[in-house]
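Colleague: The structure is given below, and queries will be raised subsequently.
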Amino acid sequence: MNGRKRVSFVLPSLNGGGAERAAVQVLNGLAADKWDRSMFLFERTGPYLADLDPSIGLSWSPSPSRGERWQALRRFVKETEPHVVVAFLSFATTLSAARAAQTGARVVFNQQTPMTAFLGDADYQWRHGWRRTVFTATSRLTYSAADLIVATSNGVAEDLTKNFGVNPDAIQVVPNPVDLDAVRARAGEAVEIDIDREIPVIVAAGRLADAKNYPLLIDAIAVLRRTLPARLLILGQGELEQSLRRHIADRQLDGAITLLGFQRNPWKYIARADVFALSSHYEGFGNVLIEAMAVGVPVVATASAGTRDIINHGVDGLLVEQHDPDSLAEALANVLSSSDRRQAMSSEARVAAERFAAPRVIARYDAVLEQAAA
């Protein structure tokens, strides 16, 4: 064995989500001369596979069976003997498999969302009855058994301490990293649609799922257009696409709102927006807000655990405390109605985004993992 510390990240897959992208960026960014890096996937799929540094050891389960995946992870930990195992999702499975391997590996959870809000998410079956009770009890036990928890925002950390009994000393708040240089470099690429610069453009991006609350944004656009012409571009794909198309048609907004599907390069659209909008029920962080700010686009977002850590209200964007169409429409109009306000917010947003630059955040991860491994 060489003198490097061994760290392994564990994920269900590398399908397109904030946790998966953060995991790849952090693991890629950790110094190879200090860390022996590896990753274990329950399923070897996802667009971020292409972004993983080839020098990182990649292993995965050969079977879709939950039991076989657990056994495969246990064998992986036993054979590679990492000093630190970092779980992004699938906390209970990762913890139990790592403990069963009996190598003494420290287990760290990366908590991306406020769990209380997550348990109320309409996309998941455990939000009611006995399933929620069991899931909550299991989560409390699992969190208490982890060696350390990395929370992406202060709001996520507070939820764990207040509602799941986690000791504040067992939590470190570290945001997700954002590769600002890559975002800015790709923001200049050409877009495939015509954008009329005479009409204000609003861009939103994210999975077409309940948590993102796109019906609220659509309703806000209907309110906004009573006094101000505006066009909305939505980037993303998901199971709610057809219901959102019906919602747009019901509001007679077919000519004003365009669904552009998943975009490998969303930043070229975001950079052409007059304002970026995020209407989520909840966010544990909100990478896309940082990306919009990095290219100088003012942001308007519903207030939640993660967005409060990012936006300085009235300076680099606006937070909407009341999650209703009138309040969101008012905030959008506030930004769109003044070019001077947009310019001031744009300048402040570029500066604020630097707090989340990948090298700075990865240095914090390095310190946290070193602490966990000690």
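Colleague: Evaluate region 24-47: report whether one residue or more is within 21 Å of Pro359 (Cβ to Cβ), hydrophobic (A, V, I, L, M, F, W, C), without any contact (Cβ under 8 Å) to a residue 60 or more places away in the chain and not in a helix (DSSP H, G or I).
Modeller: yes
Colleague: Which one of these is out of contact with any strand residue (DSSP E or B) (no Cβ under 8 Å at 6 or more places or on another chain), closer than 25 Å to Ala22 by Cβ and in a helix (DSSP H, G or I): Ala363, Ala305?
Modeller: Going through Ala363, Ala305 in turn, just one is out of contact with any strand residue (DSSP E or B) (no Cβ under 8 Å at 6 or more places or on another chain), closer than 25 Å to Ala22 by Cβ and in a helix (DSSP H, G or I): Ala363.
Colleague: Right, another one. Looking for whichever is over 30 Å from Pro359 (Cα atoms), in the same structural domain as Thr258 (by TED's automatic domain parsing) and in contact with a Pro (Cβ under 8 Å, 6 or more places away or on another chain) here; the options are Pro215, Pro200. Which one fits?
Modeller: On the way: Pro215 fails: in contact with a Pro (Cβ under 8 Å, 6 or more places away or on another chain).
The match here is Pro200.
Colleague: So Ala182 ticks every box in (1) assigned to a loop (DSSP other than H, G, I, E, B); (2) without any contact (Cβ under 8 Å) to a residue 40 or more places away in the chain but one. Which box is left unticked?
Modeller: That leaves (1) as the condition not met.
Colleague: Same structure again: Identify, please: which residue in region 318-336 is within 13 Å of Ile202 (Cβ to Cβ) and small (Gly, Ala, Ser) and is, among those, surrounded by the fewest Cβ atoms within 10 Å (Cβ to Cβ)?
Modeller: Taking the candidates together, the pick is Ala333.
Colleague: So for region 97-106 (the condition being outside any helix (DSSP H, G or I), touching a helix residue (DSSP H, G or I) at 6+ places or on another chain (Cβ under 8 Å) and charged (D, E, K, R)), does at least one residue qualify?
Modeller: For region 97-106, residues outside any helix (DSSP H, G or I), touching a helix residue (DSSP H, G or I) at 6+ places or on another chain (Cβ under 8 Å) and charged (D, E, K, R): present.
Colleague: Taking Pro200 as meeting all but one of (1) touching a Ser or Thr at 6+ places or on another chain (Cβ under 7 Å); (2) in contact (Cβ under 8 Å) with a residue 40 or more places away in the chain, write down the number of the exception.
Modeller: Condition (1) is where Pro200 drops out.
Colleague: Related question: Go through region 303-313 and report how many residues are more than 15 Å from the chain's Cα centre (by Cα) and modelled with pLDDT under 95.
Modeller: Residues that pass the stated criteria total 0.
Colleague: Within region 78-96, which residues are of a type in the set (A, V, I, L, M, F, W, C), part of a helix (DSSP H, G or I) and surrounded by 24 or more Cβ atoms within 10 Å (Cβ to Cβ)?
Modeller: The answer is none; no residue qualifies.
Colleague: Being within 24 Å of Thr113 (Cβ to Cβ), in contact (Cβ under 8 Å) with a residue 40 or more places away in the chain and not small (Gly, Ala, Ser) is the filter here; which residues of region 50-89 pass it?
Modeller: Those that are within 24 Å of Thr113 (Cβ to Cβ), in contact (Cβ under 8 Å) with a residue 40 or more places away in the chain and not small (Gly, Ala, Ser): Leu73, Val84, Val85, Val86, Phe88, Leu89.
Colleague: What pairs come out if I take residues in region 297-314 that are surrounded by fewer than 21 Cβ atoms within 10 Å (Cβ to Cβ) and pair them with residues that are assigned to a strand (DSSP E or B) whose C-beta lies under 7 Å away, six or more apart or interchain?
Modeller: Listed pairs, sorted by first residue: Ala303/Leu319; Ala303/Val320; Arg308/Leu319; His313/Leu319.
Colleague: Separate question: In region 87-114, which residues are within 25 Å of the chain's Cα centre (by Cα), farther than 18 Å from Gly67 by Cβ and β-branched (Val, Ile, Thr)?
Modeller: Passing the criteria: Val107, Val108, Thr113.
Colleague: Evaluate the following for Ala19: is it in a helix (DSSP H, G or I), aliphatic (A, V, I, L, M) and in contact (Cβ under 8 Å) with a residue 60 or more places away in the chain?
Modeller: yes
One line per residue, one yes/no per condition, for (1) crowded, with 16+ Cβ neighbours inside 10 Å; (2) of a type outside the set (Val, Ile, Thr); (3) more than 18 Å from Leu11 (Cβ to Cβ); (4) within 21 Å of the chain's Cα centre (by Cα):
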{"position": "Leu148", "(1), (2), (3), (4)": "yes, yes, no, yes"}
{"position": "Ser153", "(1), (2), (3), (4)": "yes, yes, yes, yes"}
{"position": "Ala157", "(1), (2), (3), (4)": "yes, yes, yes, yes"}
{"position": "Asn163", "(1), (2), (3), (4)": "no, yes, yes, no"}
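Colleague: Can you pull out every residue in region 132-185 that is under 22 Å from Leu27 (Cβ atoms) and in contact with a strand residue (DSSP E or B) (Cβ under 6 Å, 6 or more places away or on another chain)?
Modeller: Matches in region 132-185: Ala146, Asp147, Leu148, Ile149, Val150, Ala151, Val156, Ile171, Gln172, Val173, Val174, Leu180.
Colleague: Still on this model: Can you find a residue that is at pLDDT 95 or above, buried (at least 18 other Cβ atoms within 10 Å of the Cβ) and more than 17 Å from Met39 (Cα to Cα) anywhere in region 107-126?
Modeller: Within region 107-126, one or more residues are at pLDDT 95 or above, buried (at least 18 other Cβ atoms within 10 Å of the Cβ) and more than 17 Å from Met39 (Cα to Cα).
The values are calculated or read from the model by the stated rules, or taken from the named source; none is laboratory data. This is a predicted model, so every value here is computed, not measured. Methodologically, a virtual Cβ is constructed for each residue, glycine included, from the backbone with ideal geometry; neighbour enumeration extends over all protein chains shown.
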